[in-house]
1. Among what's in the stretch 52-109 and is among the aliphatic types (A, V, I, L, M) and in a helix (DSSP H, G or I), pick the residue that is surrounded by the most Cβ atoms within 10 Å (Cβ to Cβ).
2. For a quick check of your reading of the model, give me the residue pairs whose first member lies in the stretch 5-16 and is over 15 Å from L30 (Cβ atoms), whose second is in a loop (DSSP other than H, G, I, E, B) and among the hydrophobic types (A, V, I, L, M, F, W, C), with beta-carbon atoms closer than 9 Å and at least 6 apart or on different chains.
3. Would you mind listing the strands (runs of 3 or more DSSP E) fully within the stretch 158-241 where at least 1 residues are surrounded by 18 or more Cβ atoms within 10 Å (Cβ to Cβ) and within 21 Å of the chain's Cα centre (by Cα)?
4. With the condition kept exactly as written, say whether any residue in the stretch 260-275 is surrounded by fewer than 20 Cβ atoms within 10 Å (Cβ to Cβ) and assigned to a strand (DSSP E or B).
5. When the stretch 1-25 is examined, which residues are found to be surrounded by 18 or more Cβ atoms within 10 Å (Cβ to Cβ), within 20 Å of M81 (Cβ to Cβ) and of a type in the set (A, V, I, L, M, F, W, C)?
6. Specify the residue that is nearest to R212 (Cα to Cα); the eligible residues are those in the stretch 166-198 that are free of Cβ contacts under 8 Å to residues at least 40 places away in the same chain and small (G, A, S).
7. Considering the stretch 97-130 alone, what residues qualify as being over 18 Å from G13 (Cβ atoms), touching a residue at least 12 places away in the same chain (Cβ under 8 Å) and of a type in the set (S, T, Y)?
Amino acid sequence: MATTGSGLSAQLGVGEETTVGTGVPPTRFLPFTKESLSGDFHTVRNDVLAAGGQYRRASQDVRTTRTAKGGVELPATDRSMSLLWKHMLGGTPVITDTAPTGGKIHRIQPGPLAGKSLTIQKGVPEPVTGNPVSALNYTGARVTEWTLGVKVNDLLRLKLDIDAFDEVADTPPLAVANYPITRPFHFAQCTIKTGGTATTSNSIVSVAGGTRLNRVTGFELKGANPMDTTRFFLGASGLKDEQIENDFRDLALSVDAEFNRAQVYDTYRAGAFLPVQITFTAGLIATGVNAVLDIVLPAARFDSNPVNVDGPDIVQAKAELVIESDETNPPIQVTYTTADTTA
């Protein structure tokens, strides 16, 4: 396909690094809506005084360190997402067959982020003769924060905040993008349940007895992976060392809904922890097998639920929940039923 010299010819690919910070070609390409990845090259200006010079001297500017950061926004789809969940949560996907066979179940739980990193390659079109596409590579990339959310008449959307070692042009060179057919998850496919009992058996978390949360118009699930991203040392040519986690991870859920006394407000007042399960059930990927994204949060607590009447319309009451560890089950489990045979 001919390039256009505009964003229509942009591409975004990811590859898992063997050594953190050493770039690799992309192995998976992701349709995306926008990105803000960029290099951050630090320059020190030496403001010397020299016999009446009224302007800073170019000879005194030095480049000291390099890094990169930014964000990526994309629809959450029925394929190609397992690798992202791995780098959002840290756990390696456990992949099993569906029953009946025809798809794969990818189950991801929290794990260590140490030693796990991506090279993210974006192709940036340039509107000159031939419409070339430049490869900008972000090595040593880690997900520092992520947000997954949906609202009425919209797609399920994922936002990733990225910290990386460096922005490197053309190494690796631009890869030829190829995309499996994917379908986005969306509002009409979603159900949220609360309550019941979460248990873990054979390393799989399940919830029994949950009840559908009524009159919900949307949600946002956020995760944060705090880490030291400024580990610069002498003898490293201005590049930083591997980012290291340096605080507790955070999970938070916000739910947009009409005022719900029994299910939300009374639960908020009680202050108890309860399971929350968010499930998207999409179309068939094989005979008898639907694409599914299922998220289990075994220990969630309604942290706020302000109820205000601000006019004649139906009263809305946004609920904020914190997600913590119940010290028995993983704090979060993502189960992704997909046609992908590998992460």
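1. Only one residue fits best here, namely L89.
2. G5/V128; S9/M1; S9/A2
3. Those strands (runs of 3 or more DSSP E) span 166-169, 190-194, 216-224.
4. no
5. Answer for the stretch 1-25, where residues must be surrounded by 18 or more Cβ atoms within 10 Å (Cβ to Cβ), within 20 Å of M81 (Cβ to Cβ) and of a type in the set (A, V, I, L, M, F, W, C): L12, V14, V24.
6. Top of the filtered list is A188.
7. Answer for the stretch 97-130, where residues must be over 18 Å from G13 (Cβ atoms), touching a residue at least 12 places away in the same chain (Cβ under 8 Å) and of a type in the set (S, T, Y): T98, T101.
Listed here are the residues, each with its yes/no results for (1) at pLDDT 95 or above; (2) farther than 27 Å from T144 by Cβ; (3) in contact with a Ser or Thr (Cβ under 8 Å, 6 or more places away or on another chain).
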position: A236; (1), (2), (3): yes, no, no
position: Q243; (1), (2), (3): yes, no, yes
position: N246; (1), (2), (3): yes, no, no
position: R249; (1), (2), (3): yes, no, no
position: Y265; (1), (2), (3): yes, yes, no
position: A270; (1), (2), (3): yes, yes, no
position: P298; (1), (2), (3): yes, no, yes
position: R301; (1), (2), (3): yes, no, no
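The values are calculated or read from the model by the stated rules, or taken from the named source; none is laboratory data. In this text, all values refer to a predicted model and were calculated from it rather than measured experimentally. Here Cβ is always computed from backbone atoms with ideal geometry, including for glycine, and neighbour counts include all displayed protein chains.
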